[in-house]
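One structure below.
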Amino acid sequence: MPSLFDPIQLGAIAAPNRILMAPLTRGRATREHVPTAVMAEYYAQRASAGLIISEATGISHQGLGWPFAPGLWSDEQTSAWKPVTQAVHDAGGRIVAQLWHMGRQVHSSVTGEQPVSSSATATAGKAHTYEGRQPFETARALGLDEIPGLLDSYARATENALAAGFDGVQIHAANGYLIDQFLRDNANFRSDAYGGSVENRTRLLREVATRVASVAGADRTSVRLSPNGDSQGVDDSDPVHLFVPAAKLLSDIGIGFLELREPGPDGTFGRTDVPRLSPEIRQAFTGPLVLNSDYLTVAAAQERIDAGVADAISFGRSFLANPDLPARLAAGAALNEGNMATWYSQGPEGYVDYPALETAAA
Ligand SMILES: Cc1cc2nc3c(=O)[nH]c(=O)nc-3n(C[C@H](O)[C@H](O)[C@H](O)COP(=O)(O)O)c2cc1C
């Protein structure tokens, strides 16, 4: 079995190791969702990842409700991403853009319009807004006549990502956002071609993946799913019979890799008693499979590769706090502790000031 430190081909992307950086929203863009210079420094520091998956990045104003998160729908945003991807490439790295539509998890005070979703539902709890946390609002169901425009938004964001120098894109279909809201039967109550049967509920995922792949190439397209996740109240009565076919359809499209966020019962960032579906998904998806959540040691990550379930592992919070994570894992060095208070704060603190090993030693 390969080691975590061996190279892997992820579609068209040659990754020098199997330690990927998981997507991490950090809120360092402008209020207009334009990337900033400090983001280039942050990502370049983490260029030793086999592959960086960027923070979730809005495909449209309608789909982006997170304060100070970046977008990829305007020329200004696209231009501002160029120095970021350039800095990563100059540092020897690779980076794909995670494409995001939050669906009902946006707040109208950020987007300027009522949230949209598969059906007229609301997420429990509170949304992040510029005025602090506010209760989620009830979405309106997307009209059938709006789906072509949604697919156009994914296509345009993909074109912009490539123009900005990204090595590919990842479709965010996890964590209870718009595509997940179409997938699951406790959020999708539609009676048209996008609701009801598994084939219908996976239709939007298939159409988005097909469209994005037509722009980027399937081998530069990847997808993130959270099959067993407690995804902000978005759940399914039968995850196995939903997500195994979903993985199969993505396999048939030929995407470059599939990433699963699958917390366990002892998860420290979301936890669930729903069993992990990666063993079943492994049978249905023939490309590289990347697993995520709570892999805190090399041994734990390597065990999944040795068991034949994963080809690579993505690391979130440990990459956030350790810019040189692969070197630290290889050396068996101690890891920096992250500071939650600066996860989404603006500015450089807790963002570009985590020391690398040499700095720490000096
Ligand atoms: C600060 C923070 C921001 C995150 N932002 C995103 C995101 O933009 N997109 C996404 O798919 N997941 C996001 N996640 C989830 C992570 O990608 C990952 O699934 C989670 O941290 C568990 O992995 P870990 O145990 O390696 O940290 C975020 C997590 C954290 C802690």
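Convert 25 °C to kelvin, take the viscosity as 0.890 mPa s, use the Kirkwood radius over C-alpha pairs of the stretch 45-108 as Rh, and evaluate the Stokes-Einstein diffusion coefficient in µm²/s, rounded to a whole number.
Values: Rh = 12.6 Å.
Rounded, D is 195 µm²/s.
Nearest 500 deg cm²/dmol is fine: what mean residue ellipticity at 222 nm does the chain get from its DSSP H runs of n ≥ 4 alone, each adding -39,500 (n - 2.57), divided by its residue count?
Values: 13 runs with 118 residues, N = 362.
Calculated from helices alone, the mean residue ellipticity at 222 nm is -9000 deg cm²/dmol.
Accessible area per residue of the stretch 289-362 at 1.4 Å probe, in Å²? Let's see the in-between values first.
Details: 3220 Å² over 74 residues.
Heavy-atom accessible area per residue stands at 44 Å².
Considering the Cα positions of the stretch 222-287, please state its Rg to one decimal place and its Dmax as a whole number of Å.
11.7, 34
In nm, to one decimal, how far is the Asp145 label point from the Ala120 one, both placed 7 Å along Cα→Cβ?
Rounded to a tenth, the inter-label distance reads 1.8 nm.
Provide the FRET efficiency to the nearest 0.05 for the Glu32-Ala321 pair, computing r from the beta carbons and using R0 = 30 Å. Don't jump to the answer; show the numbers that get you there.
Values: r = 29 Å, r/R0 = 0.95.
Once rounded, the FRET efficiency stands at 0.55.
Where the centroid of each part is defined by its Cα atoms, how far is the stretch 230-251 from the stretch 70-118 in Å?
Here the two parts' Cα centres lie 25 Å apart.
Against the globular-protein guess of 2.2 N^0.38 Å, express the Cα radius of gyration of the stretch 14-152 as a ratio, rounded to two decimals.
Numbers: Rg = 16.2 Å, N = 139, 2.2 N^0.38 = 14.3 Å.
Expressed relative to 2.2 N^0.38 Å, the Cα Rg reads 1.13.
Grab every C-alpha pair in the stretch 66-225, bin the distances at 5 angstrom width from 0 up to the longest one, and report whole percents.
Pair shares across the bins are 2, 9, 17, 20, 19, 16, 11, 5, 2, 0, 0.
Would you kindly state how much longer the chain becomes between Glu358 and Thr210 on full extension, computed as 0.36 nm times their sequence separation minus their alpha carbon distance, in nm to one decimal? Show your work: numbers first, answer last.
Details: separation 148, 0.36 × 148 = 53.28 nm, distance 4.45 nm.
Computed gain between Glu358 and Thr210 is 48.8 nm.
With point charges of +1 on the Cβ of Lys and Arg and -1 on the Cβ of Asp and Glu, referenced to the Cα centre of the stretch 240-352, which listed residue (Leu249, Ala307, Thr272) lies farthest in the positive direction of the dipole?
Among Leu249, Ala307, Thr272, the one farthest towards the positive end of the dipole of the stretch 240-352 is Leu249.
So what is the accessible area of the stretch 14-172 per residue, in Å², with the probe set to 1.4 Å?
Details: 4920 Å² over 159 residues.
With the other protein chains kept in place, the stretch 14-172 gives 31 Å² per residue.
Between Gln134 and Asp75, 0.36 nm times their residue separation minus their Cα-Cα distance comes to what? Please report the intermediate quantities before stating the final value.
On the way: separation 59, 0.36 × 59 = 21.24 nm, distance 3.05 nm.
Full extension of this stretch gives 18.2 nm more.
Under the rule a/c < 1.5 gives rounded, and otherwise a/b versus b/c splits prolate from oblate, where does the stretch 110-163 land using the Cα gyration tensor?
On the way: a/c = 3.14, a/b = 1.45, b/c = 2.16.
Verdict is oblate for the stretch 110-163.
If you stretched the chain out fully between Glu303 and Asp192, how much longer would it get, using 0.36 nm times the residue separation minus the C-alpha to C-alpha distance? Write down the numbers at each step before the final one.
Values: separation 111, 0.36 × 111 = 39.96 nm, distance 4.34 nm.
Contour length minus the Cα-Cα distance gives 35.6 nm.
With all distinct Cα pairs included, what does the Kirkwood hydrodynamic radius of the stretch 143-228 come out to in Å, to one decimal, could you say? Please report the intermediate quantities before stating the final value.
On the way: mean 1/r = 0.0748 Å⁻¹.
Result for the stretch 143-228 stands at 13.4 Å.
Over the chain, what is the percentage of antiparallel beta bridges among all DSSP beta bridges, to the nearest 5?
In the chain, approximately 20 percent of DSSP beta bridges are antiparallel ones.
In 10 Å bins starting at zero, report the fraction of Cα pairs in the chain per bin as a rounded %.
6, 26, 37, 25, 6, 0, 0
Calculate what fraction, in whole %, of the accessible area of the chain sits on carbon and sulfur atoms when a 1.4 Å probe is rolled over the protein chains.
Details: 6920 of 13040 Å².
Answer for the chain: carbon and sulfur cover 53 percent of the accessible area.
Sort all Cα-Cα distances of the stretch 210-255 into consecutive 5 angstrom bins from zero, then give the percent of pairs in each bin up to the one containing the longest distance.
5, 20, 25, 19, 15, 13, 3
Just the Cα atoms of the stretch 279-362: what Rg and Dmax do they give in Å?
So, for the stretch 279-362, Rg and Dmax equal 15.4, 49 Å respectively.
Let me have the relative contact order for the chain, percent, based on Cα pairs under 8 Å that are six or more residues apart.
It comes to 17 percent, rounded to a whole number.
Which semi-axes, in whole Å and largest first, does the equivalent ellipsoid of the stretch 218-352 have when worked out from the alpha carbon gyration tensor as the square roots of 5 times its eigenvalues? Walk me through the numbers before you get to the answer.
On the way: eigenvalues 147, 64, 46 Å².
One finds semi-axes of 27, 18, 15 Å for the stretch 218-352.
List the longest stretch of the chain that has no exposed loop site; here a site is one of the chymotrypsin sites (Phe, Trp or Tyr not before Pro) assigned by DSSP to anything other than H, G, I, E or B, with at most 15 other Cβ within 10 Å.
My reading of the result: 6-129 is the longest stretch.
The values are calculated or read from the model by the stated rules, or taken from the named source; none is laboratory data. Keep in mind that what you see is a predicted model, and the values were worked out from it rather than measured. Note that we place each Cβ from the backbone using ideal geometry, even for glycine, and neighbour counts take in every protein chain shown. Heavy atoms of the whole protein, side chains included, go into the accessibility calculation; ligands, DNA and RNA do not. Shrake-Rupley method; radii C 1.70, N 1.55, O 1.52, S 1.80 Å.
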